[in-house]
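Some notes on the structure that comes next.
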Amino acid sequence: MLNHRASRIAGLLLGLVLVATAFAASVMLGTTDIAPPIFVQALVQYDPARVAHIIIVTERLPRAVIAALVGASLAIAGALMQTMTRNPLASPGILGINAGAMFFVVVAVSLLPLHTPAEYVWAALLGALVAACLVVMLSRGRQGELSSLRVVLAGVAVTAMFVSFSQGLLIVDQQSFESVLYWLAGSVSGRELSVVVPLLPLFGIALLLCILLVRHANALMLGDDMVKGLGMRAGTIKLLLGLVVILLAGSSVALAGMIGFVGLIVPHMARGLFGVDHRWLLPACALLGASLLLLADVASRFLMPPQDVPVGVMTALIGTPFFIYLARRKQT
Amino acid sequence: MTHSASLPQQGNDTAAGHTTRPVRLSALLALVLLASIGLSLSLGSFPTSFDQVVHALATPQNSDITFIVWELRLPRILLALLVGAALAVAGAILQGIVRNPLASPDVIGITSGAAMAAVTFLALFGTGLSIHWLPAAALLGALLSAVLVFSLAWKRGITPSRMVLVGIGLSAAMGAVTTLLIVISDDAAAMVAYVWLTGSLYAAQWQDVFGMLPWLLVAVPLCLTLARHMDAMALGDSVAQGLGVNVLQSRLVLMACSVALAGAAVAFAGGLSFVGLIAPHIAARLVGRGFARLVPVTALVGALIVLYADLLGRVAFLPKDLPAGIFVSGVGAPFFVYLLHRNRHSPYQTARQN
């Protein structure tokens, strides 16, 4: 664990280097490898006649940007959820937030004329909100505290519900099935950069709220009374942090579908390295989350070539052993 | 009725104070079931009247109606009943073992293990091997996943909550593999696998019915012989041990029953979710949590749920024949959420630790 301020700054800088390396790997490696000079050239003077340039600008670059953005968002959302519920197993995937967002997107795509992420991101946000409310409502115990196993089970039940609704809808409406299937599994490929731009304000709002609330999140970890000392009610803080989670998870699902386990694993890694102080934890989560998803995406291209494996499958396979480790370690 | 979700030992006393009630209730449910079978037999894409159906049943002739009733509708209905009963009992057993009403074969990873095996089978041998091997593959998957859950949850013994958490994690991984297999197979095969995952009784045959029946005939009586152990374990492991129950052994046998029932059901009808979750709840509301009286009622309720879901899928959206799973989860999921919300303050809801 990095205890001193200087070593933590060095750690974050290293994280930045890791993200940059993973980003470069994501752009350059694949069925056609691309040399660094060509990458730079494609950015500086784009030549639509060259195949390598087209691959970089229309496929690799958006893919890397989305992977980094979604990875960072899911990791931060997971960290905040773990703080709020005081449950090490909390994350947008496990607690059903992703599934809720996904179901609403499936409804938007198959029943309403909404087809780009910028159009159906609102459906995703609404779905994330509904799922979050359901899980909180279902998992509150007698004194209003969130019991650990209950939260997880309620999340799994809510996930099962939304997934089976989506399945039903897709079977009835088979046209959408083929277009949505790959995305359902969680994928960062096949999107253009122009699709990401309209969603940036949402990520921006979430980031701003994170910065404003970072001290309150620290206080919340110590207990609801500590938040009062900062002059705000614990309920208000939880609502605002919940809003951040919904913004981050909902927008991520709109961009990349259901990608699980990033929000679960990364906060634990970040906490192990940087401690529990959110001023360090959240940036560390962002960097590590972005790196993890970028690397998982690179790996997914080589698992069974020439077929692209959905990156959501990769993260689930990486994440499960970790989840089981956590479940075993917990005194349950 | 109102105490259905309270502590099991209270449930025994208050919810069904006299023993005639479960018997009468079971008889009533069985009557409803018979009537439903009659209704389901006479409805379908080919119009048949009840008289014609009875006639065809009583004196089979070489006619269209006889064929429809005997070869198409009856096996499908019977399979729906058996599968519903099996899933419901599997859920009741699991909820009892884990002492948490949120557990079910789908939550703990048994269904997803069977589903993964079945989809692997479809993806690898979709055209080569006979489809009759599919149930065997699914059963094997269910068994393997149960063994995996058990061994990964083992840490100087098994605690119910650790088993649930490990099951949740494993089912996520197996679900990911299933998705991967669907994504990499071609579109037609993917749709077949997807419909199968949702749970469908389409094209059920007599051999499916006879393949399903033995599992119920073995597992249900076996788990009923352990009913006393189950009720004792509901009070906590130490209490059960004090009462002379070999907790680990009983838990293993009961778990094996649950796996066999859920695995067989998934093998013959795909991933019908929520039956194992809600049928025991409804049954517990009617007769309380005492295991011996819970099981028959649970089985009847589960059978009714799947029967009506399949009937809806067959006749409500003609000419489409929709998978029963859509309706089971369409009704089951909101009902389950309602149940959870309603019972959120009851002590039985929080899994007690050892």
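Read-outs: derived from the displayed coordinates by stated rules, not from any lab. Only a predicted model underlies this, so the values are computations on that prediction, with no experimental measurement involved. Quick reminder, even Gly has a Cβ in these numbers, built from the backbone with ideal geometry, and neighbours come from all protein chains shown.
Data overview
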read-out: Anisotropy class of the range A:5-329 from Cα gyration tensor, a/c 1.5 cut; value: oblate
read-out: Vicinal HN-Hα couplings computed from phi for the range A:300-314 (Karplus, 6.51 cos²θ - 1.76 cosθ + 1.60; Hz; Gly/Pro x); value: 5, 6, 9, 5, 9, x, x, 6, 7, 8, x, 5, x, 5, 4
read-out: Length-normalised contact order for the range B:30-102 - Cα pairs under 8 Å, 6+ apart - percent; value: 21 percent
read-out: Relative contact order %, the range A:266-329, counting alpha carbon pairs below 8 Å whose residues are six or more apart; value: 20 percent
read-out: Within the protein assembly as shown: Cβ-based charge dipole about Cα centre, in debye rounded to nearest 20 (Lys, Arg +1; Asp, Glu -1); value: 2460 debye
read-out: Pairs of alpha carbons in the protein assembly as shown whose separation is greater than 50 Å (percent); value: 15 percent
read-out: Pair residue B:205, residue A:46: separation of 7 Å Cα→Cβ label points (nm); value: 5.8 nm
read-out: Lys/Arg +1, Asp/Glu -1 at C-beta; chain A dipole; positive extreme among A:270, A:120, A:310; value: A:270
read-out: Distance between the range B:46-105 and the range B:204-224 - C-alpha centres, whole angstrom; value: 12 Å
read-out: Neighbour count of at most 15 Cβ within 10 Å plus DSSP loop: longest trypsin sites (Lys or Arg not before Pro)-free window in chain B; value: B:157-319
read-out: Tensor-based shape of the range A:194-332 (alpha-carbon gyration tensor, a/c under 1.5 rounded, otherwise prolate or oblate); value: oblate
read-out: Unit charges on C-beta of K, R, D, E only; dipole of the range A:5-329, Debye; value: 1160 debye
read-out: For the range B:166-200 versus the range A:152-177, the gap between their alpha-carbon centres in whole angstrom; value: 13 Å
read-out: Partners for residue B:320 among aspartates and glutamates (Cα-Cα distance below 12 Å; same-chain residues under 8 apart left out); value: A:173
read-out: Helical contribution to [θ] at 222 nm, DSSP H n ≥ 4, -39,500 (n - 2.57), averaged over chain A, rounded to 500; value: -25000 deg cm²/dmol
read-out: Farthest positive-ward along the protein assembly as shown dipole, Cα basis, beta-carbon charges - from A:91, B:233, B:206; value: B:233
read-out: Structure-based [θ]222 nm, chain B - -39500 (n - 2.57) summed over DSSP H runs of at least 4, per residue, nearest 500; value: -24000 deg cm²/dmol
read-out: Charge dipole of the protein assembly as shown about the Cα centre (unit charges at C-beta), most positive-ward option of B:259, A:323, B:135; value: A:323
read-out: Gain in span if fully extended, residue B:133 to residue B:49, counting 0.36 nm per residue against the direct Cα distance; value: 26.6 nm
read-out: Relative contact order (%) - chain A, alpha-carbon pairs under 8 angstrom, separation at least six; value: 31 percent
read-out: Rounded Å value of the spacing that divides the Cα centres of the range A:267-295 and the range B:243-284; value: 40 Å
read-out: Tensor-based shape of chain B (alpha-carbon gyration tensor, a/c under 1.5 rounded, otherwise prolate or oblate); value: oblate
